[in-house]
1. Do you know which of the residues in the stretch 17-51 that are of a type in the set (D, E, K, R) and in a helix (DSSP H, G or I) is surrounded by the fewest Cβ atoms within 10 Å (Cβ to Cβ)?
2. Is it true that ILE58 is outside the structural domain of ILE127 (by TED's automatic domain parsing), part of a helix (DSSP H, G or I) and in contact with a helix residue (DSSP H, G or I) (Cβ under 6 Å, 6 or more places away or on another chain)?
3. Among the residues of the stretch 7-14, is there at least one that is surrounded by 11 or more Cβ atoms within 10 Å (Cβ to Cβ), over 21 Å from LEU72 (Cβ atoms), of a type in the set (A, V, I, L, M, F, W, C) and at pLDDT below 95?
4. What number goes with the only condition from (1) assigned to a loop (DSSP other than H, G, I, E, B); (2) surrounded by 10 or more Cβ atoms within 10 Å (Cβ to Cβ) that LEU72 does not pass?
5. With the condition kept exactly as written, say whether any residue in the stretch 81-96 is within 17 Å of the chain's Cα centre (by Cα), within 16 Å of LEU18 (Cβ to Cβ) and not in a helix (DSSP H, G or I).
6. Return yes when ILE128 is in contact with a Lys or Arg (Cβ under 9 Å, 6 or more places away or on another chain) and not assigned by TED's automatic domain parsing to the domain that holds ILE58 and no when it is not.
7. Considering only residues that are farther than 18 Å from LYS69 by Cβ, hydroxyl-bearing (Ser, Thr, Tyr) and touching a helix residue (DSSP H, G or I) at 6+ places or on another chain (Cβ under 7 Å), which ones fall in the stretch 1-54?
8. Among the candidates GLY122, GLY77, GLY91, GLY112, single out the residue that is in the same structural domain as THR29 (by TED's automatic domain parsing) and either out of contact with any Asp or Glu (no Cβ under 6 Å at 6 or more places or on another chain) or surrounded by fewer than 11 Cβ atoms within 10 Å (Cβ to Cβ) (or both).
Amino acid sequence: MKIKKELNSRQWKLYKYLCKQEDPKTLKTIIRETGLYGPVDEINFNNSAGRRVLTADIRILKEKDKPHKNVLSTNQGIIIGTKKEFIQEIGKQERKLIKMFQLLNKQKRKAGLDNQLRLVFGKEKEIIEAFR
């Protein structure tokens with residue numbers, strides 16, 4: 001049984017910060033302006049502890065039922081968006097997932113052909129090899 005944890009104080013502060021923002025904020029900007037995640041490591045930002053903790057906090061805000069507002073991760077940054085922004089972003093994510101599933105199904109189909117015989121008209125191999 002999974003225990004439901006409440007948001008910690010840092011996550012609530014991040015949520016309140018995002019509620020006040022009108023425009024999307026990049027991860028670096030959030031770290032600089034909130035002061036909750038330490039200094040911004042310009043050289044190795046993607047591997048910095050502050051960026052990893054912030055990303056985890058954003059995910060937790062998205063997963064939890066409370067608070068009720070939707071946190072969006074857009075190309076421009078992180079925002080609590082309007083209904084229109086939410087619909088647009090969810091549509092983009094749905095299209096992305098559909099493309100991923102189509103590619104996955106194509107790869108599964110190709111793998112299923114492994115070691116099957118086929119008609120040979122030219123210099124092709126008689127047996128399909130889907131793997132090394």
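The values are calculated or read from the model by the stated rules, or taken from the named source; none is laboratory data. All of these numbers come straight from a predicted model, not from anything done at the bench. Neighbour counts run over all protein chains shown; Cβ positions are idealised from the backbone, glycine included.
1. LYS20
2. For ILE58, the condition - outside the structural domain of ILE127 (by TED's automatic domain parsing), part of a helix (DSSP H, G or I) and in contact with a helix residue (DSSP H, G or I) (Cβ under 6 Å, 6 or more places away or on another chain) - is not met.
3. For the stretch 7-14, residues surrounded by 11 or more Cβ atoms within 10 Å (Cβ to Cβ), over 21 Å from LEU72 (Cβ atoms), of a type in the set (A, V, I, L, M, F, W, C) and at pLDDT below 95: absent.
4. Every listed condition holds for LEU72 apart from (1).
5. So far as the stretch 81-96 goes, yes, one or more of its residues are within 17 Å of the chain's Cα centre (by Cα), within 16 Å of LEU18 (Cβ to Cβ) and not in a helix (DSSP H, G or I).
6. Yes, satisfied.
7. TYR37, the sole residue that qualifies.
8. GLY77
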